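To start, the structure itself, in structure tokens.
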Amino acid sequence: MSEVRTADVLLFSDNATTRQQVMNAVGRRPGPGLPQLRWDETATAAMVIDKVEAHQYELLILDAEATKEGGMAVAKQLKQEIFNCPPILLLIARPQDSWLAHWSEADDVLHMPLQPRRVQEKIAGLLKGVAA
């Protein structure tokens with residue numbers, strides 16, 4: 001019996017509905033030949049930092065629209081402070097925020113509202129980059 005490959009993904013949003021939409025859009029696996037996703041959800045920026053320092057994730061998905069401290073600020077901090085920081089996919093609501101996402105050093109952006117095929121493509125692309 002072969003072992004099922006998995007990829008650990010940290011999903012940050014202070015909105016439980018947003019987190020559920022991302023997970024529902026992807027399903028168990030973002031594409032053929034890719035590992036099954038193991039989701040780790042968090043609602044606060046402080047927990048993102050703690051979890052990334054304590055665990056090796058293959059991908060981080062951060063909500064730029066989170067209140068108090070959004071995903072862009074968290075992405076910038078992680079990219080500057082974490083050696084070999086995993087790729088970051090940033091959820092943004094406004095296309096004009098793309099330049100801020102670039103400033104935050106996010107590896108890619110995903111525009112809201114979420115389109116399942118686009119979510120799968122973005123996650124698959126980032127996970128393939130990690131496996132390469």
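Using a Gaussian network model on the chain with a 10 Å cutoff between Cα atoms, which of Ile92, Ile61, Ile49 fluctuates the most? Looking only at Ile92, Ile61, Ile49, the biggest GNM fluctuation is shown by Ile49.
Along the charge dipole of the chain, which of Val52, Val74, Leu91 sits closest to the positive end, that is, farthest toward it, with unit charges on the beta carbon of Lys, Arg, Asp and Glu (+1, +1, -1, -1)? Going by the charge dipole, the pick is Leu91. Across the range 71-132, the convex hull enclosing all Cα atoms gives 70 Å³ per residue.
If you count Lys pairs in the chain whose Cα atoms are under 22 Å apart, skipping same-chain pairs closer than 8 places in sequence, the total is 8. In a simple Cβ point-charge model (Lys, Arg +1; Asp, Glu -1; nothing else charged), the chain has a dipole of about 480 debye relative to its Cα centre. Taking a ≥ b ≥ c as the square roots of the Cα gyration tensor eigenvalues, with a/c under 1.5 meaning rounded and otherwise prolate when a/b beats b/c, else oblate, which class fits the range 3-54? In terms of gyration-tensor shape, oblate. Given axes a ≥ b ≥ c from the Cα gyration tensor, I'd like to know whether the range 8-132 is rounded (a/c under 1.5), prolate (a/b larger than b/c) or oblate. Here the range 8-132 falls in the rounded category. Charges were assigned to the Cβ only: +1 to each Lys and Arg, -1 to each Asp and Glu. The resulting dipole of the range 1-64 about its Cα centre is roughly 320 debye.
No value in this document is a laboratory result; all are computed from the given coordinates. What you are looking at is a predicted structure, and each value in this text was computed from that prediction instead of being measured. All Cβ positions, glycine included, derive from the backbone under ideal geometry; neighbour counts span all protein chains shown.
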